[in-house]
1. Is it true that residue 96 is touching a Lys or Arg at 6+ places or on another chain (Cβ under 8 Å) and not aromatic (Phe, Trp, Tyr)?
2. Do we find a residue being within 18 Å of residue 2 (Cβ to Cβ) and assigned to a loop (DSSP other than H, G, I, E, B) anywhere in the stretch 92-105?
3. Only one of (1) more than 19 Å from residue 99 (Cα to Cα); (2) part of a strand (DSSP E or B) is not met by residue 43, so which one is it?
4. Looking at the stretch 58-89, which of the residues that are touching a residue at least 24 places away in the same chain (Cβ under 8 Å) and assigned to a helix (DSSP H, G or I) is least open to solvent (accessible area, probe 1.4 Å)?
5. Just checking, how many residues over the stretch 90-105 are touching a residue at least 60 places away in the same chain (Cβ under 8 Å) and open to solvent by less than 10 Å² (accessible area, probe 1.4 Å)?
6. Looking at the stretch 19-48, which of its residues are surrounded by fewer than 22 Cβ atoms within 10 Å (Cβ to Cβ) and touching a Gly at 6+ places or on another chain (Cβ under 6 Å)?
7. Conditions first: (1) assigned to a strand (DSSP E or B); (2) surrounded by 14 or more Cβ atoms within 10 Å (Cβ to Cβ). Residue 11 passes all but one, so which condition is the exception?
Amino acid sequence: QVQLVESGGGLVQTGGSLRLSCAASGIRFTITTMGWYRQAPGKQRELVATITSAGTTNYADSVKGRFTISRGNARNTVYLQMNSLKPEDTAAYYCNADYFGDHYWGQGTQVTVSS
């Protein structure tokens, strides 16, 4: 059974930082592309960043230069370091695993950036 458990969300002021973590189980983590997505109220879920098993990263234009995705294969964990946060970054953030074409999701963690 695949499980993705996010942590690290919270309330932060504009310009602040947060680090999200996602612990994965039930998959061969080292061969899995992992990603972070977010969904703000009334909006569709959108890609934030992805990282392949080889470490290749991809970012949404809106977060380039501010967010960094990384992975710790020894701990089956993917991270999202978020710096210079803006109110428009406020959303529920979801961890995603692309495992042999099947997508799995975590339960989400809320990030709120106050102005």
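The values are calculated or read from the model by the stated rules, or taken from the named source; none is laboratory data. Keep in mind that what you see is a predicted model, and the values were worked out from it rather than measured. Cβ sites come from the backbone with ideal geometry, for glycine too, and all protein chains shown count toward neighbours. For the accessible areas, the whole protein counts, side chains as well, though only heavy atoms, and no ligand, DNA or RNA atoms are used. Shrake-Rupley method; radii C 1.70, N 1.55, O 1.52, S 1.80 Å.
1. Values: touching a Lys or Arg at 6+ places or on another chain (Cβ under 8 Å): no; not aromatic (Phe, Trp, Tyr): yes.
In short, no.
2. First, the residues of the stretch 92-105 that are within 18 Å of residue 2 (Cβ to Cβ): 94-105.
In the following step, the residues that additionally are assigned to a loop (DSSP other than H, G, I, E, B) were identified as 100-101.
Checked the stretch 92-105: at least one residue is within 18 Å of residue 2 (Cβ to Cβ) and assigned to a loop (DSSP other than H, G, I, E, B).
3. Of the numbered conditions (1) more than 19 Å from residue 99 (Cα to Cα); (2) part of a strand (DSSP E or B), the odd one out for residue 43 is (2).
4. Applying the filter and picking the extreme gives 89.
5. 4
6. The answer is 19, 21.
7. (2)
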